[in-house]
Amino acid sequence: MAPVVSTIEIDRPPEDVFAYATDLVRFGEWQNDVVRMERHGGGPLGVGSRFTTTRQLGGVKYKTTQEVTEFSPPSKFAAASVGGPLRAIGTITIEPLDGGARSRFTSTLDFAGRGLGRLVPDGVRRMAAKRAPGSYQNLKELLERDAPHAAGGTGATGTGTTGPANTNAG
């Protein structure tokens, strides 16, 4: 089964979209299924940085640790799971539109199973294909509505609980 690819245009410059979309503490503000995020280590976010995300998928909480595999502001960010039976590989690409006044945000999600996890990637892809567009619409609405607060930066550290109870943070 092919990776899940979603694209949305956002009325914000690529720098703002990249800064907000890669600010790990803010993941739960726009990703519907993120309930907690923990950054490992210090320093600025970049290739080799690790973080653990807890997602609520259906009635189950799923925790995965990922490592940043590409970090090229303001155009590309990628991270891949480093353990577990189901491994996610996510890439965000941001292209400038209208001379850089707007952006095209493209997300590519793929999944690989190991051991018993080999049985679930297609089902997870189908679930992601249904849920991802809502998260990207949230991203668009937050960035376009909260323009002065959009560029939150990528140096987030620590642990954060995110989601509906924390959507006005920052």
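The values are calculated or read from the model by the stated rules, or taken from the named source; none is laboratory data. None of the values given here were measured: they were computed from a predicted structure. Positions of Cβ are backbone-derived with ideal geometry, glycine not excepted, and every protein chain shown enters the neighbour counts.
Structure data summary
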read-out: So VAL60, is it in contact with a strand residue (DSSP E or B) (Cβ under 7 Å, 6 or more places away or on another chain) and at negative phi; value: no
read-out: Residue satisfying condition, being surrounded by fewer than 19 Cβ atoms within 10 Å (Cβ to Cβ) and under 13 Å from the mean Cα position of the chain (by Cα), within set GLU9, GLU67, GLU29; value: GLU67
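A quick yes/no check of all residues on (1) modelled with pLDDT of 90 or more; (2) touching an Asp or Glu at 6+ places or on another chain (Cβ under 6 Å); (3) exposed (fewer than 14 other Cβ atoms within 10 Å of the Cβ):
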{"site": "ILE92", "(1), (2), (3)": "yes, no, no"}
{"site": "LEU97", "(1), (2), (3)": "yes, no, no"}
{"site": "SER107", "(1), (2), (3)": "yes, no, no"}
{"site": "ASP122", "(1), (2), (3)": "no, no, yes"}
{"site": "ARG126", "(1), (2), (3)": "no, no, yes"}
{"site": "ARG131", "(1), (2), (3)": "no, no, no"}
{"site": "SER135", "(1), (2), (3)": "no, no, no"}
{"site": "ALA147", "(1), (2), (3)": "no, no, yes"}
{"site": "ALA150", "(1), (2), (3)": "no, yes, no"}
